[in-house]
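Chemist: Mind having a look at this structure? Questions to follow.
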Amino acid sequence: MNKTLLGCVVALLSLSTAAYAGPFDMLNSKAGKQVQKGASATMNATVAKKVNAKLLSESRANQCSFKVDSDQLEPGCDAKAKRLANALVSAKKALNSSGVHTYKFVVTGHTDTSGNAAHNMDLSKRRAQTIVKQLIAKGVNANEIEAVGMGASHPLVKPDNTPAKKAKNRRYELQVRF
């Protein structure tokens, strides 16, 4: 067994360095790639945090209202949808300039806590789809955006026991996902 191991070591040492990088070179190469991946992941996380904060702020500032128990928008959404589309264009530029090219914008739809949970989940998905359609109509690439329903699982206001509080929970939010 020792002779076999010694034979393998001699054989490896006799190979030319052009044909074989050696175990330490391979380890250093892998370590270097891991450091690069780690730095890249940290940079992506930092960019994602900034972009998501901006998108969340823009989506909350430009909230289109939904009719109760409906995915129909109340009047006055056109200018807000345009501002949201512009925010997505800016986010895309920031991501691309930071070297981030694999991402998807996500519109999450939310409901108040009234009614059946399954109905609310479906309604929130339809609300998110309504906003996605608005954003696509304003120039956002359909392949870069998706709709997700959250139902009443993430309320902004607890308890939502007044019409005003319920209205705050009937919303959507924009984020970027990698």
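Chemist: Among the candidates ALA91, ALA61, single out the residue that is free of Cβ contacts under 8 Å to residues at least 40 places away in the same chain and either surrounded by 14 or more Cβ atoms within 10 Å (Cβ to Cβ) or over 15 Å from ILE136 (Cα atoms) (or both).
Modeler: Details: ALA91 fails: free of Cβ contacts under 8 Å to residues at least 40 places away in the same chain.
Of the residues listed, the single one that is free of Cβ contacts under 8 Å to residues at least 40 places away in the same chain and either surrounded by 14 or more Cβ atoms within 10 Å (Cβ to Cβ) or over 15 Å from ILE136 (Cα atoms) (or both) is ALA61.
Chemist: Also: Among the residues of the stretch 108-120 satisfying the criterion of being of a type in the set (Ser, Thr, Tyr) and assigned to a loop (DSSP other than H, G, I, E, B), which is nearest to the chain's Cα centre (by Cα)? Outline the logic, then answer.
Modeler: Of the residues in the stretch 108-120, the ones of a type in the set (Ser, Thr, Tyr) are 108, 111, 113-114.
Right, trim to assigned to a loop (DSSP other than H, G, I, E, B) and you get 111, 113-114.
Working: THR111: 20, THR113: 25, SER114: 28 Å.
Ranking the qualifying residues of the stretch 108-120, first place goes to THR111.
Chemist: Go through the stretch 118-153 and report how many residues are over 22 Å from ASP78 (Cα atoms) and in contact with a His (Cβ under 6 Å, 6 or more places away or on another chain).
Modeler: Residues flagged as over 22 Å from ASP78 (Cα atoms) and in contact with a His (Cβ under 6 Å, 6 or more places away or on another chain) within the stretch 118-153 amount to 1.
Chemist: Let me ask something else. Considering only the stretch 159-178, state which residues are surrounded by fewer than 18 Cβ atoms within 10 Å (Cβ to Cβ) and not in a helix (DSSP H, G or I).
Modeler: PRO159, ASN161, THR162, ARG177, PHE178, listed by residue number.
Chemist: Which of the residues spanning the stretch 121-137 are polar (S, T, N, Q) and either out of contact with any helix residue (DSSP H, G or I) (no Cβ under 7 Å at 6 or more places or on another chain) or outside any helix (DSSP H, G or I) (or both)?
Modeler: Initially, the stretch 121-137 is screened for residues polar (S, T, N, Q), giving 124, 129-130, 134.
Of everything in the stretch 121-137, those that are polar (S, T, N, Q) and either out of contact with any helix residue (DSSP H, G or I) (no Cβ under 7 Å at 6 or more places or on another chain) or outside any helix (DSSP H, G or I) (or both) turn out to be SER124, GLN129, THR130.
Chemist: So, in the stretch 122-137, of the ones that are more than 11 Å from SER70 (Cα to Cα) and touching a residue at least 60 places away in the same chain (Cβ under 8 Å), which residue ends up surrounded by the fewest Cβ atoms within 10 Å (Cβ to Cβ)?
Modeler: GLN134
Read-outs throughout are calculated quantities, based only on the coordinates presented, and are distinct from any laboratory measurement. On a predicted model such as this, the values are computed, not experimentally measured, just so you know. Positions of Cβ are generated from backbone atoms using ideal geometry, with glycine treated the same way; all protein chains shown enter the neighbour counts.
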